[in-house]
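In what follows, a structure is listed as structure tokens, so that the remarks can point back to it.
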């Protein structure tokens, strides 16, 4: 009933989909799975008219369609429940359900009493026993998710997309959702279930399609495949040549985390030796960035202890962490890393400015000499230090951020997915930089979404799942399948 | 050197063009004195403008720092009144004992300390409790005004004339050389702090992207706090000039000064969103506003019309800057 042929999508220079063809049958529950950035969400958003494809066609009931926006797709019976929930905290449950729903909104004037009567059955459908006049802001994340589902049900959709619907749900809410999915299926509604939770997929889905690096790898009936096979299809990339340097096994510890807990981490323990690269793997939301936030004084430690070279370490804020020799290259370059209106040189020296100043006055020559030196050592390509940093490509911006921290001469570096969205050449430079740092005796913690990258560069790999450390693997012997199995919550 | 000058002018030239236009306009439209000289360009007239603008000019310097740090300070007008009244009360009513210099010094010190204290209160609440700068300084604007009225019993405190503390104080602070060179001197210091010091660099980084600045380990709260303390202290300093020039401490003075100062900063090309701005621009913006008033007053133009013309100038100045920097195209 819903089909797409040869879909392409690129955001600027980043390619999200390359020639995806796929089809959905009426009344089936169809899983879309793949690693972070495989293109699942992009595909779902194109099919529902939220973003437009760069090329290719979407076919609904045999007719090619071109959505002008999500509203048109919704009218045609395609509903989507997004990962980032598109609801309004200040509006009541009923108002949220009625928004964009012509049947519920009825006319320009909405009587609350009438509306509440109309939305009650929808809420009962998803098992929410709440007063429709409650503002959404008072609900838990799990209830919020159920409202989002009820909203799509209210549209009488023929196809429902669910993007990671269970990520915020409690266990019994998940069961209720599965019951609901079965009932919808009986009514002939087709469901596209985007998830990386294998056990859920195999419980409720009829077919599973695996995506990888923007391509559709394979669609198979769930009955004819196994969890292992699907995981293999998800990771299936060639492992790059190993480049990590052998570290001499010493008993020396640079850093240790003992049973640390934060709001998003539960009793995580690990050690870091000088010269070691500790990879951190996990799906988005597994708490992998949270390790950096804890280390950098951004997330308060609720329980547990951190030590640097044997001394207890409890940072109050990033300023404190930097003084202790910690560096953090954040995940979101634009929002957390760069001062985009400032020049390349000024961004580079921002963390170490006091080194080139006397009594608060900046020694401009010393500053630009230091910046020039470190930018060259990072192989940053730029025309002049005075140019705004936003004029650089993503890879070179990342090198500026790394250079910024090199100038502070840190002892421990935390890299949060440093190669995301940058081209291959720049990735290679960053691999080399990180190995060099480790070679100098620094401790490196490296979060990555790309398993081959971790397997090739890290010494050990810590795998997180929902805030828990499910294992620390030796990178020399671990496989992508092992990591993915742990990251999706299955023990080895 | 020469090329950098032109480059600077191309990027930051908007307010200068406005200044130039007003100077030309003023010269052409100026009435002539009986001996045929152009009144507008006479040294007496121009220094009058500088003296008149010195209060707003000094406040605008500090306001530039606050705004570059992505804040705003609405309390400066009330702080100016408080400072004027506190200094007048010290010299006229409370009469501390001691030689003249000590009496005047105490009055000045108390006024400045009071301003800095209110700035610190603003800064602490904004950085620790995370109240929006607009809301917090709106509250202090109202509260400090009330405090000042209570302190004076809502009565003007007149300064005396002659060889007594308040007379000497008024003589000094209202003299053209003193007030104007104070403003210009502070402008040079402010410019150097903003462009040449670690503090200035931090302030701009924090104003543009507070989150990234925090992730870089910058002392975000301290830098922003210092901007508010400075703003309170300079508003108090402007209050001393105000007291001297009006020869009294009037608890109802300074209303609307915060908006004049913000207007000068904005005309000078500082972005209200933070991160971007210059002291040179602010000084130019202050002069543009002062000269405009002067040109119109020389022609006896209705002061209500003057306000309407100012409104047009503010909009035109900011619009021109957005065009030249391409800010509006960024989204």
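Bear in mind that the values in this text are calculations on the coordinates, not laboratory data. Treat the numbers as computed from the prediction; the structure is a model and nothing was measured. FYI the Cβ positions are ideal-geometry reconstructions off the backbone, even for glycines, and counts take in every protein chain you see.
Quick notes on this one:
- Where labels lie 7 Å past Cα in the beta-carbon direction, separation of residue A:228 and residue A:479 in nm: 0.8 nm
- Size descriptor, Kirkwood hydrodynamic radius, that averages inverse alpha-carbon separations across the stretch B:58-157, Å: 14.4 Å
- Between the alpha-carbon centres of the stretch A:320-344 and the stretch B:113-177 there is a gap of 39 Å.
- FRET efficiency for residue A:383 and residue A:432, using Cβ-Cβ distance with R0 set to 22 Å, rounded to 0.05: 0.45
- Global geometry of the stretch B:102-159, whether rounded, prolate or oblate, following the gyration tensor of its Cα atoms and the 1.5 cut on a/c: oblate
- Distance histogram for the stretch A:255-487 (every C-alpha pair counted, 10 angstrom bins, percent rounded to whole numbers): 8, 33, 36, 18, 4, 0
- Stokes-Einstein diffusion coefficient of the stretch A:282-418, Kirkwood radius over Cα pairs, 10 °C, 1.306 mPa s, in µm²/s: 100 µm²/s
- Each peptide among B:190-201, A:55-66 gets the average number of other Cβ atoms lying within 10 Å of its residues, and from highest to lowest they stand as B:190-201, A:55-66.
- For the stretch A:180-226 versus the stretch A:41-85, the gap between their alpha-carbon centres in whole angstrom: 19 Å
- Between 0 and 90°, nearest 10: helix A:364-377 axis offset from chain A longest Cα axis: 70 degrees
- Folded to 0 to 90 degrees: helix A:141-153 orientation relative to chain A principal axis, Cα: 40 degrees
- Principal axis dimensions, largest first and in whole angstrom, of the stretch A:391-468 by Cα: 39, 27, 22
- Based on alpha carbons, the Rg and Dmax found for the stretch A:143-239 are 14.4, 47 Å.
- Computed E for residue A:203/residue A:54 - FRET, C-beta separation, R0 45 angstrom, nearest 0.05: 0.80
- The convex hull of the Cα atoms of chain A, projected and averaged over all directions, covers 25.7 nm².
- Comparing Cα centroids, the stretch A:434-492 and the stretch B:273-319 end up 61 angstrom apart.
- On the basis of the beta-carbon distance and an R0 of 35 Å, residue A:141 and residue B:117 show a calculated FRET efficiency of 0.20.
- Base-10 log of normalised Debye intensity for the stretch A:2-235 (one unit scatterer per alpha-carbon) at q = 0.10, 0.17 Å⁻¹: -0.46, -1.27
- Diffusion coefficient, µm² s⁻¹, Stokes-Einstein with Kirkwood Rh over alpha-carbon pairs of the protein assembly as shown at 25 °C and 0.890 mPa s: 79 µm²/s
- Relative contact order computed over the stretch A:2-235 (Cα-Cα under 8 Å; 6+ residues apart), in percent: 29 percent
- Dimensions in Å of chain B - Rg and Dmax from alpha carbons: 20.3, 66
- The mean sequence separation of alpha-carbon pairs under 8 Å and at least six residues apart, normalised by the residue count of chain B, gives a relative contact order of 34 percent.
- Label zone at residue A:361, where the point sits 7 Å out along the Cα-to-Cβ direction: the stretch B:173-197 residues whose backbone N lies under 12 Å: B:192-193, B:196-197
- Sequence-separation-based contact order of chain A, relative, with Cα cut under 8 Å and 6+ spacing, percent: 15 percent
- Stokes-Einstein translational diffusion, the stretch B:187-331 - Kirkwood Rh over all Cα pairs, 0.692 mPa s, 37 °C, in µm²/s: 189 µm²/s
- Under 20 Å from the residue A:86 label point (7 Å along Cα→beta-carbon), backbone N, the stretch A:19-56: A:32, A:37, A:39-55
- A simple packing score, the average count of other Cβ atoms within 10 Å per residue, orders the peptides A:427-436, A:135-144 as A:427-436, A:135-144, with the highest score first.
- Cα-based helix-to-principal-axis angle, A:424-439 vs chain A, degrees rounded to 10: 50 degrees
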